[in-house]
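The values are calculated or read from the model by the stated rules, or taken from the named source; none is laboratory data. Being a predicted model, the structure only gives us computed values, none of them experimental. Heads up, the Cβs are rebuilt from the backbone with ideal geometry, glycines too, and the neighbour counts pull from every protein chain shown.
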Amino acid sequence: DAKTTQPNSMESNEEEPVHLPCNHSTISGTDYIHWYRQLPSQGPEYVIHGLTSNVNNRMASLAIAEDRKSSTLILHRATLRDAAVYYCIGGTSYGKLTFGQGTILTVHP
Amino acid sequence: DTEVTQTPKHLVMGMTNKKSLKCEQHMGHRAMYWYKQKAKKPPELMFVYSYEKLSINESVPSRFSPECPNSSLLNLHLHALQPEDSALYLCASSQVERGRVGYTFGSGTRLTVV
């Protein structure tokens, strides 16, 4: 499984964009990059995933480096409800997700 | 229905008890997973079922016994647990696409072993 490295914590102000980085330098060429977030006392929630091209959905955007060794999750306008632990998962070998330590995102009003 | 439902939400059990956790989904997903999450730690994979067959066991102690009776249900049978097994147990499901699709998680069962 690809090892991921994320900052332990990040802070943002409400209604500002947030860029959450992730390094996954050992990812294989066929493994997807997943992002999940977890609010307190809840299960992880799927945010977005991609392989090579940048991806957009209603929640966020995912920018993947050309060499695939890193990616950035972009929340275009942070809200207080976006405060959570964000997990980047670089690689899902044999159909399993292996979580890294994640980034705790704090959003200030 | 786009949810994974886990029951019970909370469970307290003694070390000599036998209990079961239940997970249910009706999204037609044929892969289901059990994760264990200790406080302030990331979820750790325990088991993976693919087409109702156990495909991955992450060296989990035998006091945890998974079961997948049909494509919608996943159980985790617990017996002779230790206090250190207290944790949030999460169930997830996905299509069997080896990571090409997103996974859906339940809210978990918070287990306390006394």
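Of all residues in the range B:79-108, exactly one satisfies the criterion of being more than 24 Å from A:Thr92 (Cβ to Cβ) and either surrounded by 20 or more Cβ atoms within 10 Å (Cβ to Cβ) or within 14 Å of chain A (Cβ to nearest Cβ) (or both), namely B:Leu81.
Output the residue which, of all residues in the range A:89-108 that are at pLDDT 95 or above and not polar (S, T, N, Q), is nearest to the chain's Cα centre (by Cα).
A:Gly102
Scanning the range B:58-78 for residues that are modelled with pLDDT of 95 or more, surrounded by fewer than 19 Cβ atoms within 10 Å (Cβ to Cβ) and farther than 24 Å from B:His26 by Cα yields a count of 4. All of (1) part of a loop (DSSP other than H, G, I, E, B); (2) loosely packed, with under 13 Cβ neighbours inside 10 Å hold for B:His29 with one exception: (2).
At least 2 residues being without any contact (Cβ under 8 Å) to a residue 24 or more places away in the chain and not hydrophobic (A, V, I, L, M, F, W, C) is the threshold, and among the strands (runs of 3 or more DSSP E) wholly inside chain A those reaching it are A:45-50. From the list B:Gln6, B:Gln82, the one residue that fits, being within 23 Å of A:Trp35 (Cα to Cα) and at pLDDT 95 or above, is B:Gln6.
Residues in the range A:59-77 include at least one that is surrounded by fewer than 19 Cβ atoms within 10 Å (Cβ to Cβ), of a type outside the set (Lys, Arg), within 14 Å of chain B (Cβ to nearest Cβ) and closer than 24 Å to A:Ser9 by Cα.
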